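Notes follow the structure.
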Amino acid sequence: MYQADLAISSTYNPTLVTLSILIAVVASYTALTLTERVTIAYGRVRLAWLIGGAITMGIGIWSMHFVAMLAFSLPMPIAYDVWTVVFSTLPAIIASGGALFLTSRRVLNIQELLIGGVLMGIGIASMHYIGMAAMRTQASAQYDPLLLTVSVASAIGASIVALWMAFELRTQSSQTRKYLKTHILHQEFLM
């Protein structure tokens with residue numbers, strides 16, 4: 001057995017894992033709020049919300065991921081290549097822009113949902129594996145092809161569900177708001 005074939009034990013810092021989860025929660029809330037803003041805007045204002053929202057959401061997703069990577073430790077020093085880390089933000093920003101664009105539409109059909117979910121999942125997986133490639137350590141990472149495929153498929157599946165949920169929550173909140181406005185105005189008119 002070669003020394004390169006040995007597995008190295010690793011640990012995670014629970015505080016950084018918790019921080020990563022909190023960042024994910026805040027990023028999710030931000031995503032839902034941004035979807036609403038993009039939906040009600042028109043023209044250049046919509047484009048500005050879309051671009052700003054994509055950057056904000058993308059950095060939120062990336063931050064959650066990078067903090068989780070910082071939580072990971074090996075019994076040897078780990079460093080990160082700065083330019084690769086910076087480059088890993090791009091797929092997250094692009095995926096977020098696509099997600100905002102799709103979930104802010106008036107109608108989202110199943111084909112658009114599936115294509116958007118696949119592209120978003122690939123963007124998230126790309127961010128992850130580019131981020132992993134930024135790691136500089138004495139050990140070398142080896143990926144099991146089956147687990148790599150499952151991780152990408154999971155990212156795609158989660159993206160499809162997330163897009164569907166964001167779209168449904170936005171449309172439901174819009175319908176509820178319209179109902180309440182109509183109902184409240186109707187009640188005030190009757191009084």
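None of the figures in this text is laboratory data; all of them are computed from the coordinates on show. Fair warning: this is a prediction, and the values are worked out from it, not measured in the lab. Every residue, glycine among them, receives a Cβ derived from its backbone with ideal geometry; neighbour counts consider all protein chains shown.
Show me the ranking of peptides 51-63, 13-25, 80-92 by mean Cβ neighbours inside 10 Å, starting with the highest. Please report the intermediate quantities before stating the final value.
On the way: 51-63: 20.1, 13-25: 14.2, 80-92: 16.7.
The densest-packed peptide leads the list: 51-63, 80-92, 13-25.
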Seminar exercise, completed: Rounded to one decimal in nm, the spacing of the 7 Å Cα→Cβ label points at residue 72 and residue 137 is 0.7 nm
Exercise. Taking the simple approach of a point 7 Å from Cα along Cα-to-Cβ for both residue 15 and residue 51, what is their distance in nm?
Worked result: 3.9 nm
Problem set entry | Calculated on alpha-carbon atoms, Rg and Dmax of the range 3-190 in Å | 20.0, 82
Seminar exercise, completed: For the chain, the longest principal axis of the Cα atoms and the Cα long axis of helix 14-40 enclose an angle in degrees, to the nearest 10, of 30 degrees
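Only four residue types carry charge here, +1 at the Cβ of Lys and Arg and -1 at the Cβ of Asp and Glu. Report the dipole size of the chain about the Cα centre in Debye, rounded to the nearest 20.
Numbers: 10 positive and 7 negative charges, 165 e Å.
Using Cβ point charges on Lys, Arg, Asp and Glu, the chain gives about 800 debye.
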